[in-house]
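Every number here is computed from the coordinates shown, using simple stated rules; none is lab data. What you see is a predicted model, and the numbers here were worked out from it, not measured in a lab. All Cβ positions, even for glycine, are placed from backbone atoms using ideal geometry, and neighbour counts span all protein chains on display.
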Amino acid sequence: MRGRIYLTRTHLVATIIVCVVLPLASWLDGSGQLAWTMFSRTGQFRLVIVADGTQMNPTEIAAAAMPGPTAIALAGSDQLKHHDVMRATARRHLDDIADLACRLRPGAQLTVRLEERVRRSEPIRTSEVTRRCAR
């Protein structure tokens, strides 16, 4: 029989995992990154980075990062950016952002603060990492 598609149990299980389980599980970390949220939210975020009492521009840190998604996410994030996936990713990687900033300011007392909101109508929430950079 030509033209018929046969689904095996393996195909069925893989389909359920990819189309149902992974998207639902992505809600557990609060991001919904693997769910179908495209354009349904306009999360905003801003990074405030302070080294020894002086504010650093995240774009400066983006220049120190390798070109790619990290640099794109950091560049211009001193202003509110509208990007829900980058917002959730920045929250999970605040320690990594602090590591990048420490490369530029060895020995500094560093604070990296993420200001975020899922919707414009919500108040801004903050997450923060503070550390002393190695010399």
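Structure above, values below:
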| item | result |
| --- | --- |
| Tail weight of P(r) past 17 Å, computed on alpha-carbon pairs of the chain, percent | 64 |
| Sum of -39500 (n - 2.57) over DSSP H runs of 4+, divided by residues of the chain (222 nm, nearest 500) | -8500 deg cm²/dmol |
| Most positive-pole-ward Cα, Ala51, His93, Leu24, against dipole of the chain from beta carbon charges | Leu24 |
| Per-pair calculated FRET efficiency, R0 = 22 Å: Ala134 and Met66 via Cβ, rounded to 0.05 | 0.60 |
| Ordering of 111-121, 13-23 by packing [mean C-beta count within 10 Å, highest first] | 111-121, 13-23 |
| Phi-based couplings in Hz for segment 12-24 (Karplus 6.51, -1.76, 1.60; Gly and Pro marked x) | 5, 5, 4, 5, 5, 5, 6, 8, 10, 5, 4, x, 5 |
| At 0.692 mPa s and 37 °C, Stokes diffusion of segment 57-135 via Kirkwood alpha-carbon radius, µm² per second | 252 |
| Total charge dipole magnitude, the chain, about the Cα centre, Cβ charges on Lys, Arg, Asp, Glu only, Debye to nearest 20 | 440 |
